[in-house]
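The values are calculated or read from the model by the stated rules, or taken from the named source; none is laboratory data. For clarity, every value in this text was computed on a predicted model and none was experimentally measured. Cβ placement follows ideal geometry from the backbone for every residue including glycine, while neighbour counts extend to all protein chains displayed.
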Amino acid sequence: MSIVTDIRGTAGVILIDRVPVNAINHDIRSGILDALAELAGNPSLDRIVLAGAGKIFAAGADAGEFSKPPTDPGLPKVVAAIEASS
């Protein structure tokens with residue numbers, strides 16, 4: 001999977017590991033939602049950090065998905081989940 005979760009002290013870490021540019025595709029969006037749900041249920045955490053592996057956080061959407069119909073979860077759903085986790 002291209003999402004790695006880790007716990008460092010009181011911080012949960014969600015790492016997008018799809019180098020070289022960490023393009024956001026369906027698997028990444030789904031993985032972020034799953035990781036948020038997993039980490040948000042941990043009472044020992046006081047923050048969740050979203051990070052990108054390598055030199056780039058995320059270059060943007062995966063161009064390979066542009067010619068395909070949109071799939072759930074879309075980016076607005078992921079952003080809403082991130083905002084709701086604060």
Here the residues within the range 1-13 that are loosely packed, with under 14 Cβ neighbours inside 10 Å and either modelled with pLDDT under 95 or within 28 Å of S67 (Cβ to Cβ) (or both) are M1
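Results for (1) of a type outside the set (S, T, N, Q); (2) in contact with a helix residue (DSSP H, G or I) (Cβ under 8 Å, 6 or more places away or on another chain); (3) assigned to a strand (DSSP E or B), shown as yes or no for each residue.
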{"position": "L15", "(1), (2), (3)": "yes, no, yes"}
{"position": "R18", "(1), (2), (3)": "yes, yes, no"}
{"position": "N22", "(1), (2), (3)": "no, yes, no"}
{"position": "L36", "(1), (2), (3)": "yes, yes, no"}
{"position": "L39", "(1), (2), (3)": "yes, no, no"}
{"position": "A51", "(1), (2), (3)": "yes, no, yes"}
{"position": "G54", "(1), (2), (3)": "yes, no, no"}
{"position": "D72", "(1), (2), (3)": "yes, no, no"}
{"position": "P76", "(1), (2), (3)": "yes, no, no"}
Of the residues in the range 48-74, those that are surrounded by 14 or more Cβ atoms within 10 Å (Cβ to Cβ) and in contact with a strand residue (DSSP E or B) (Cβ under 7 Å, 6 or more places away or on another chain) come to I48, L50, A51, G52, A53, A58, A61, D62
Reported set for the range 44-60 where residues are closer than 12 Å to A23 by Cβ, of a type in the set (G, A, S) and under 11 Å from the mean Cα position of the chain (by Cα) is G52, A58
Can L45 be described as modelled with pLDDT of 95 or more, surrounded by 11 or more Cβ atoms within 10 Å (Cβ to Cβ) and part of a helix (DSSP H, G or I)? no
Restricting the range 14-42 to residues that are within 14 Å of S86 (Cα to Cα) and touching a strand residue (DSSP E or B) at 6+ places or on another chain (Cβ under 8 Å), the one surrounded by the fewest Cβ atoms within 10 Å (Cβ to Cβ) turns out to be N42
| said: Looking at the structure I just gave you, is G64 at positive phi and at pLDDT below 95? | reply: no
